[in-house]
1. Mean separation of Cα pairs under 8 Å and 6+ residues apart, divided by the residue count of the range 55-96: what relative contact order is that in percent?
2. Output the pairs from Lys9/Lys79; Lys11/Lys65; Lys107/Lys138; Lys49/Lys107 with a Cα-Cα distance over 21 Å in this structure; if there are none, say none.
3. For the chain, what is the relative contact order in percent, using Cα pairs closer than 8 Å and at least 6 residues apart in sequence?
4. Please state the equivalent ellipsoid semi-axes for the range 1-83: what are the square roots of 5 times the Cα gyration tensor eigenvalues, largest first, in whole Å?
5. Taking the solvent-accessible surface of protein heavy atoms with a 1.4 Å probe, what is the per residue accessible area of the chain in Å²?
6. Share of the range 2-159's accessible area from carbon and sulfur, percent, 1.4 Å?
7. Between the DSSP loop rule and a limit of at most 10 other Cβ atoms within 10 Å, which trypsin sites (Lys or Arg not before Pro) in the range 1-37 are left?
8. Let me check against my output: what whole-number percent is the relative contact order of the range 110-155, with C-alpha pairs under 8 Å and at least 6 apart?
Amino acid sequence: MAFPSENPKFKLSYFNVGAIAEPIRLLFAYGGVDYEDIRVSHEEWTVLKPTMPMGQMPVLEVDGKRVHQSVSIAQYVAKRVNLSGANDWENLLIDAAVDTINDFRAKIVAVQYERDEAVKEKKMVTLNAKTIPFYLTKLDDIAKENNGHLALGKVQISI
């Protein structure tokens with residue numbers, strides 16, 4: 001029997017926040033795919049963490065098999081709901097958009113999680129004055145070239 005089944009059962013485990021699991025949830029919703037949305041509390045996480053692949057979430061369970069890595073999961077679900085490219089070139093353009101968004105998110109998160117308040121304040125100035133305007137300008141240019149989208153002039157995965 002090939003894996004997964006023709007109509008697999010999906011379970012998505014993540015904390016009760018949007019963050020990196022939200023694009024996966026949105027892809028399931030877009031495709032009308034039924035799945036179990038498991039929202040893990042921080043108290044539950046202490047117990048669950050050692051049982052998770054790589055000790056992290058989100059984790060997607062497909063017919064009892066578990067996988068991790070948010071971008072890989074999102075790409076898998078996007079393919080299932082016909083939001084991937086039609087060929088390798090289109091997939092490359094989509095992946096470049098996804099990676100750009102992840103780079104942008106990482107720069108914002110790095111400032112959010114800075115523990116030294118003096119350093120955080122300096123990073124926040126740079127983030128607001130340079131980083132955010134840079135990315136938003138570049139992303140806006142890309143969207144203008146692509147009919148309001150980040151690749152291919154149509155809806156596709158963007159994490």
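1. Value for the range 55-96: 21 percent.
2. Among Lys9/Lys79; Lys11/Lys65; Lys107/Lys138; Lys49/Lys107, the Cα-Cα distance tops 21 Å for Lys49/Lys107.
3. Reported relative contact order: 23 percent.
4. 21, 15, 11
5. With all protein chains present, the chain gives 64 Å² per residue.
6. Of the solvent-accessible surface of the range 2-159, carbon and sulfur hold 54 percent.
7. Counting only loop positions with at most 10 other Cβ atoms within 10 Å, none of the trypsin sites (Lys or Arg not before Pro) in the range 1-37 qualifies.
8. This gives 18 percent for the range 110-155.
The values are calculated or read from the model by the stated rules, or taken from the named source; none is laboratory data. Quick caveat, the model's predicted, so the values are computed rather than measured. Neighbour counts are summed over all protein chains in view; Cβ atoms, including those assigned to glycine, are modelled from backbone coordinates with ideal geometry. Heavy atoms of the whole protein, side chains included, go into the accessibility calculation; ligands, DNA and RNA do not. Shrake-Rupley method; radii C 1.70, N 1.55, O 1.52, S 1.80 Å.
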